[in-house]
Amino acid sequence: MKTSSSKNSEETSNTLNIHRKASENIPEREETRTSSILTDTNNNTSRKPSITEQLVILTTSALALPPSSPTVPRELWTNKVEFLLSVIGYVVDLGNVWRFPYVCYENGGGAFLIPYMIFLCLIGIPMMYLELFLGQFYRCGNITLWGRIAPSMKGIGIASFLIVTAVTLFYTTIIAHAVFYLFSSFREVLPWSLCSQSWNTPSCSERMRIGSVNNQTNEQINFNGRNNSFSLNETQKYNSIIDSKVSSADEFYNNYMLGINHSKVSSADEFYNNYMLGINHSKGLTDLGSIKIDLLLCLILIFVLMYMCIYRGVKSTGKAVYITATLPYIVLIILLIQGLNLEGSRNGITYFLKPSFSKLKNMKVWYSAANQIFFTLGPGLSVLTTYGSYNVSSNNCYYDALIAVVANFAASFLSGFVVFSALGHMSWRLQKNVESVVDEGPSLSFIAYPEILATFKYPALFSILFFLMVINLGLDSDFGGLESIYTALSDEFPLLKRHRKSGMFIMCFVLIIACLPTVTQGGNYVVQFLDKFSTAPALMLVVMMEAIAATWVYGINNLVNDIRTNLGFEPNLFFRLAWTVICPVIVIMLMVLALSYSDELKYGNYIFPSWSIIFGWCLNMCFILPIPIVMIYAFFRHTDSRNSFKQRINDLFTPNITKQRMKQQIEKGTDFTMSSSAPISHV
């Protein structure tokens, strides 16, 4: 009998080991549980459970490994390099090129780096570290992840899902704009450098044009910045312009060449607004006009390209990022070398870096620094947790977070040199101060910089390189957005995991339909609207709730224990304080400042009506409504109505791990130890 019992125990132990190995060699987390005392109702006697019975108890508890599923197991990144490039590609996006340089200049130049680095350490690195670890520990999409921590926290994942979907809508449209410019760059003379096109108005100004080659005329304009003189080989075209527009050479020089007359509009501006967008045919949000077929085709091309890169999962995404994540750095270096050789480039870089420490007294500068962290690193959008979920839980995500942050900062700084060296040249040509030519956002990438590209020796070549860089910067971030959306849905509905190709195709098709308003003639009004109201302060609240759920609901001790068990080391005191106190407090302050510093929303001369502002804030609040709704649902669904209200509130914020321990406790039991690995997702 002893031999048989021993054999039975040995077989059961082997079975348990097999289940543990199924967790993909994830290091075990030490937890002590209380053994069960089984009572025989027939003879009223108690006894200790056998190993087989203990295994049954464990597999029926919420902490046990889920039963085997007929669906495919969760895939992993092919190697560490592909994961790192994907994360770097996500955090290095369009904001690094068109937002960071302007924000840095506007808020004190080199002095801005002080609050930026402070918030990078207090918010950026800790939240990136936290999201990557939670993703690889739970190995599931963002909605499922927070539900596993506590049912009442599942609304965090749903809110994040809604925000990243809204961001994907307008972000993909911006990439489509870059595709339009890329196709327009395959010409000897860039179309936005001329005022002789069908879309130009009488107010058009070729202020940066130094020469062109035309089949009928050959004109050359030479500008000398030292003595403010110029020579003009007059042609019939320019004679007609001079006769009709100005009465003297001085007026022509000031109004037409330099654009001092504010009624003048640059040729690049008219190409962007009148030709590509067609926004002159729209009256605003109430009259968006018709769909622009050329932009729609560019949008479809982007979705087709993204589908081809990610429909097979991270295996195919990892191959695509070898190009999309590295090409922007190569192009930035090429553009920087070209920019440093331009006249006046040093003045632009000086304006970019010149510190103005007096501005640090302004609270808005500190708000801009913290806000830039959300724009550039993208915490709370579920992309980092999604990427992390395709890693083994023993992956050292701490160093991954540091490497990604350094790469992001390097790209931001490099972009600043590229942009301001070019703007310095632009100010030199126009004989203006750098402040008067600096702009941010799409205007920088689609108006100011293309206008400068037209002055280069090989304008078509540099224009193609620039917009290839913009497209690749956008694609990397959009890869993450699409993957996080689909992963969140497929982990909730395993059918989507089994039919990923068709499911991803349907999702891309639905997103194209949802993007249609953004490719109308007034579509840029919708893009600006979504850009304004799809993130802060809703995204900030999501980030705050993530920190609270991970450290206060789940418990900082549990989190530290999980990190120690899986990574082999504990997070230091700084990270514990950052997650539990610093991040939530800072985010609350940012949310208040976001409402205080809410500027008037306008695009060009169009001021968004008050009803749209009200609707925008309501939309922003709708993104975070799932958080309280899920809490109310969990209160009635997952708490015992026989308990007091106070006890039910306490149960509402009790993590699953604590409930599981309580389920394992039986009166007068003796302790037995069970090591539980990180949760495994059989999807």
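The values are calculated or read from the model by the stated rules, or taken from the named source; none is laboratory data. All figures in this text were calculated on a predicted structure; none of them were measured in a lab. Glycine also receives a Cβ, built like all others from the backbone with ideal geometry; neighbour counts cover every protein chain displayed.
Restricting the first residue to the range 101-129 and requiring it to be hydroxyl-bearing (Ser, Thr, Tyr), which pairs with a second residue that is part of a helix (DSSP H, G or I) and crowded, with 20+ Cβ neighbours inside 10 Å meet a Cβ separation below 6 Å and a spacing of at least six or different chains?
TYR105/PHE352; TYR116/ALA369; TYR129/ALA401
Condition (residue is without any contact (Cβ under 8 Å) to a residue 12 or more places away in the chain and either within 26 Å of TYR322 (Cβ to Cβ) or touching a Cys at 6+ places or on another chain (Cβ under 9 Å) (or both)) applied to the range 495-503: is it met by at least one residue?
no
Considering only the range 431-446, I want to know if a residue exists there that is surrounded by 24 or more Cβ atoms within 10 Å (Cβ to Cβ) and under 13 Å from ALA268 (Cβ atoms). Reasoning before the result, please.
We begin by selecting, within the range 431-446, every residue surrounded by 24 or more Cβ atoms within 10 Å (Cβ to Cβ); these are 445-446.
From the residues that got through so far, the ones that are under 13 Å from ALA268 (Cβ atoms) too are 445-446.
Scanning the range 431-446, I find at least one residue that is surrounded by 24 or more Cβ atoms within 10 Å (Cβ to Cβ) and under 13 Å from ALA268 (Cβ atoms), so the answer is yes.
Yes or no: SER412 under 19 Å from PRO115 (Cβ atoms), surrounded by fewer than 16 Cβ atoms within 10 Å (Cβ to Cβ) and among the small types (Gly, Ala, Ser)?
No: the conditions fail for SER412.
What pairs can you find where one residue is in the range 612-625 and under 16 Å from VAL164 (Cβ atoms), the other is buried (at least 16 other Cβ atoms within 10 Å of the Cβ) and of a type in the set (Ser, Thr, Tyr), and their Cβ atoms are less than 8 Å apart, with a gap of 6+ or different chains?
LEU619/SER534; ASN620/SER534; PHE623/SER534
Taking into account only those residues within the range 478-521 that are touching a Ser or Thr at 6+ places or on another chain (Cβ under 6 Å) and basic (Lys, Arg), which is nearest to GLY284 (Cα to Cα)?
LYS497
Of all residues being surrounded by fewer than 23 Cβ atoms within 10 Å (Cβ to Cβ) and not β-branched (Val, Ile, Thr) in the range 517-532, which is nearest to the chain's Cα centre (by Cα)? Just the residue, please.
Among them, the one singled out is ASP531.
When you scan the range 417-533 for helices (runs of 4 or more DSSP H) that lie fully inside it, which ones turn up with 1 or more residues that are closer than 14 Å to ILE174 by Cα and either of a type in the set (Gly, Ala, Ser) or at pLDDT 95 or above (or both)? Before the answer, list the steps.
Values: elements: 449-453, 459-492, 494-498, 500-515, 523-533.
By residue number, 459-492, 500-515, 523-533.
Of the residues THR565, THR639, which is among the polar types (S, T, N, Q), touching a helix residue (DSSP H, G or I) at 6+ places or on another chain (Cβ under 6 Å) and either touching a residue at least 24 places away in the same chain (Cβ under 8 Å) or not in a helix (DSSP H, G or I) (or both)? Full working, then the answer.
Details: THR565 fails: touching a helix residue (DSSP H, G or I) at 6+ places or on another chain (Cβ under 6 Å).
After ruling out the rest, the residue left standing is THR639.
From ILE666, ILE680, grab the single residue that is assigned to a loop (DSSP other than H, G, I, E, B), closer than 26 Å to SER490 by Cβ, β-branched (Val, Ile, Thr) and at pLDDT below 60. Steps first, please.
Numbers: ILE666 fails: closer than 26 Å to SER490 by Cβ.
After applying the criteria, what remains is ILE680.
Which one is surrounded by the fewest Cβ atoms within 10 Å (Cβ to Cβ), of the residues in the range 175-190 that are under 14 Å from LEU475 (Cα atoms) and of a type in the set (A, V, I, L, M, F, W, C)? Steps first, answer last, please.
Taking the range 175-190 and keeping what is under 14 Å from LEU475 (Cα atoms), we get 175-179.
Keeping just the survivors that are of a type in the set (A, V, I, L, M, F, W, C) gives 175-176, 178-179.
Working: ILE175: 25, ALA176: 25, ALA178: 24, VAL179: 22.
Residue satisfying both the conditions and the ranking: VAL179.
Under 9 Å between Cβ atoms, at least 6 apart or on separate chains: pull out the pairs that start in the range 168-195 with a residue that is closer than 17 Å to CYS508 by Cβ and end on any residue that is in a loop (DSSP other than H, G, I, E, B) and not polar (S, T, N, Q).
TYR171/ASP93
Kindly provide the set of residues from the range 102-143 that are at pLDDT below 90, buried (at least 24 other Cβ atoms within 10 Å of the Cβ) and under 14 Å from THR376 (Cβ atoms), ordered by number.
CYS104, PHE112
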